[in-house]
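Asks: Sharing a structure, written as structure tokens. Questions coming.
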Amino acid sequence: MRILVVEDDKQLLDEMKIGLERNGFTVDIASTGAEGEEKAYVTDYDAILLDLNLPDKDGLEILSFLRNSGRNLPVLIVSARDAVKERSKGLDLGADDYIVKPFDFSELTSRIHAVVRRFHGRTNPKIMVGALTVDPAARTVFWKKEAVPLSSKEFDILCCLAERCPQVVSGEQIIEHTYDEEFDLFSSVLRVHVSNLRKKLQAVSGQNLLVTVKGKGYCLWDGSEK
């Protein structure tokens, strides 16, 4: 899950990046409103954490710009402005949640998972694809009752596919949601991770659950007969 954090306090920005990455998120950062607005407009993030008191523009301006330009992605305001009027305004402008600083990190991560879950139309915190169960918050995968050991990036790719199942997800979409902005688009890393993930799923299920759709991308199969 790829997150953009827009925050001008360098210490807090660094702490948020480190903390989110420790919880399994892929994190891009922006320290100005202009930088955050540009990144949020061109990249399909899973969620944006947006401060309001930025040096060059108010975060509410960025939120209004994104919503008015049709960017449909979860935005969580993270601000020291705690007045009811401010919280109401942010939510009315299209924020999906409003978190007041200082915040508890465990609550922050839970709220991120909650807004992403709602964005994808889920009520169950776990994603079920046939006998496969993916838990984005706990970062666990089970085939029936058997745990499937995956690397961090293999889990990210599986979660990206499971969240969108039964859609075909292109390689470009997977990269956008699971790797940060430093990723080399010309590397073979994604293909290697997909290949390893496919083998691990096949080892526990006895089936090819990760299907390559030639010229289009990848999708998960739920194991049912078509």
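The values are calculated or read from the model by the stated rules, or taken from the named source; none is laboratory data. These numbers were taken from a predicted model, which means no experiment stands behind them. Positions of Cβ are backbone-derived with ideal geometry, glycine not excepted, and every protein chain shown enters the neighbour counts. Just so you know, the surface numbers come from the protein's heavy atoms only, side chains and all, with ligands and any DNA or RNA stripped out. Shrake-Rupley method; radii C 1.70, N 1.55, O 1.52, S 1.80 Å.
Asks: Can you find a residue in the range 138-151 that is more than 20 Å from residue 220 (Cα to Cα) and open to solvent by less than 70 Å² (accessible area, probe 1.4 Å)? Please lay out each step first, then the result.
Replies: Let us first name the residues in the range 138-151 that are more than 20 Å from residue 220 (Cα to Cα), namely 138.
Filter once more, so that each one left must be open to solvent by less than 70 Å² (accessible area, probe 1.4 Å): 138.
Checked the range 138-151: at least one residue is more than 20 Å from residue 220 (Cα to Cα) and open to solvent by less than 70 Å² (accessible area, probe 1.4 Å).
Asks: When you scan the range 1-14, do you find a residue that is in contact with a helix residue (DSSP H, G or I) (Cβ under 7 Å, 6 or more places away or on another chain) and over 23 Å from residue 118 (Cα atoms), even just one? Steps first, answer last, please.
Replies: Step one: of the range 1-14, the residues in contact with a helix residue (DSSP H, G or I) (Cβ under 7 Å, 6 or more places away or on another chain) are 1-7.
Checking which are over 23 Å from residue 118 (Cα atoms) leaves us with 7.
Yes; the residues of the range 1-14 include at least one that is in contact with a helix residue (DSSP H, G or I) (Cβ under 7 Å, 6 or more places away or on another chain) and over 23 Å from residue 118 (Cα atoms).
Asks: Right, another one. Assuming residue 215 fulfils every condition listed in (1) farther than 22 Å from residue 71 by Cα; (2) in a loop (DSSP other than H, G, I, E, B); (3) open to solvent by less than 70 Å² (accessible area, probe 1.4 Å); (4) out of contact with any strand residue (DSSP E or B) (no Cβ under 6 Å at 6 or more places or on another chain) apart from one, which condition is it?
Replies: Condition (3) is where residue 215 drops out.
Asks: Taking residue 47, is it crowded, with 21+ Cβ neighbours inside 10 Å and either without any contact (Cβ under 8 Å) to a residue 40 or more places away in the chain or aromatic (Phe, Trp, Tyr) (or both)? So that I can check it myself, show each step before the final result.
Replies: On the way: crowded, with 21+ Cβ neighbours inside 10 Å: yes; either without any contact (Cβ under 8 Å) to a residue 40 or more places away in the chain or aromatic (Phe, Trp, Tyr) (or both): no.
No.
Asks: Return the residue satisfying two criteria in turn: it lies in the range 72-87 and is touching a strand residue (DSSP E or B) at 6+ places or on another chain (Cβ under 9 Å) and within 19 Å of residue 3 (Cα to Cα), and of such residues it is surrounded by the fewest Cβ atoms within 10 Å (Cβ to Cβ).
Replies: So the first thing to find is which residues in the range 72-87 are touching a strand residue (DSSP E or B) at 6+ places or on another chain (Cβ under 9 Å), and the list is 73-82, 86-87.
Next, only the ones that are within 19 Å of residue 3 (Cα to Cα) stay: 73-79.
Details: 73: 17, 74: 22, 75: 26, 76: 22, 77: 26, 78: 23, 79: 20.
Step by step, filter the range 72-87, then rank; the result is 73.
Asks: Name, by its number, the condition in (1) closer than 22 Å to residue 139 by Cβ; (2) touching a Lys or Arg at 6+ places or on another chain (Cβ under 9 Å) that does not hold for residue 107.
Replies: (2)
Asks: What number goes with the only condition from (1) in a helix (DSSP H, G or I); (2) within 29 Å of residue 175 (Cβ to Cβ); (3) not hydroxyl-bearing (Ser, Thr, Tyr) that residue 61 does not pass?
Replies: Exception for residue 61: condition (2).
Asks: Now for a different question. I'm checking my understanding of the structure. Among residues of the range 174-211 that are open to solvent by less than 80 Å² (accessible area, probe 1.4 Å) and of a type in the set (S, T, N, Q), which one is nearest to residue 21 (Cα to Cα)? Don't jump to the end; show me each part of the working.
Replies: First, pick out the residues of the range 174-211 that are open to solvent by less than 80 Å² (accessible area, probe 1.4 Å): 174-180, 183, 187-190, 192-198, 200-201, 204-211.
Now restrict to residues that are of a type in the set (S, T, N, Q): 178, 187-188, 195-196, 205, 207-208.
Values: 178: 12, 187: 22, 188: 23, 195: 24, 196: 22, 205: 30, 207: 32, 208: 30 Å.
Among those residues, the one meeting the criterion is 178.
Asks: From the set of residues in the range 1-34 that are under 12 Å from the mean Cα position of the chain (by Cα) and in a helix (DSSP H, G or I), which is surrounded by the fewest Cβ atoms within 10 Å (Cβ to Cβ)?
Replies: The extreme case among them is 21.
Asks: Moving to a separate point now. In the range 35-44, which residues are part of a helix (DSSP H, G or I) and open to solvent by 10 Å² or more (accessible area, probe 1.4 Å)? Please lay out each step first, then the result.
Replies: Here is the first cut: in the range 35-44, the ones part of a helix (DSSP H, G or I) are 35-42.
35, 37, 38, 39, 41, 42 - these are the residues of the range 35-44 that are part of a helix (DSSP H, G or I) and open to solvent by 10 Å² or more (accessible area, probe 1.4 Å).
Asks: In addition: Would you check if residue 56 is assigned to a loop (DSSP other than H, G, I, E, B) and farther than 29 Å from residue 158 by Cα?
Replies: Details: assigned to a loop (DSSP other than H, G, I, E, B): yes; farther than 29 Å from residue 158 by Cα: yes.
Yes.
Asks: Out of the range 161-173, which residues are open to solvent by 10 Å² or more (accessible area, probe 1.4 Å) and closer than 23 Å to residue 109 by Cβ? Outline the logic, then answer.
Replies: Residues of the range 161-173 that are open to solvent by 10 Å² or more (accessible area, probe 1.4 Å), as a first pass: 163-168, 170-173.
Of everything in the range 161-173, those that are open to solvent by 10 Å² or more (accessible area, probe 1.4 Å) and closer than 23 Å to residue 109 by Cβ turn out to be 163, 164.
Asks: Tally up the residues in the range 89-110 that are more than 11 Å from residue 77 (Cβ to Cβ) and open to solvent by 40 Å² or more (accessible area, probe 1.4 Å), please. Step through it out loud before you land on a result.
Replies: First, pick out the residues of the range 89-110 that are more than 11 Å from residue 77 (Cβ to Cβ): 92, 102-110.
Narrowing the set further to residues that are open to solvent by 40 Å² or more (accessible area, probe 1.4 Å) leaves 92, 102-107, 110.
Here the count works out to 8.
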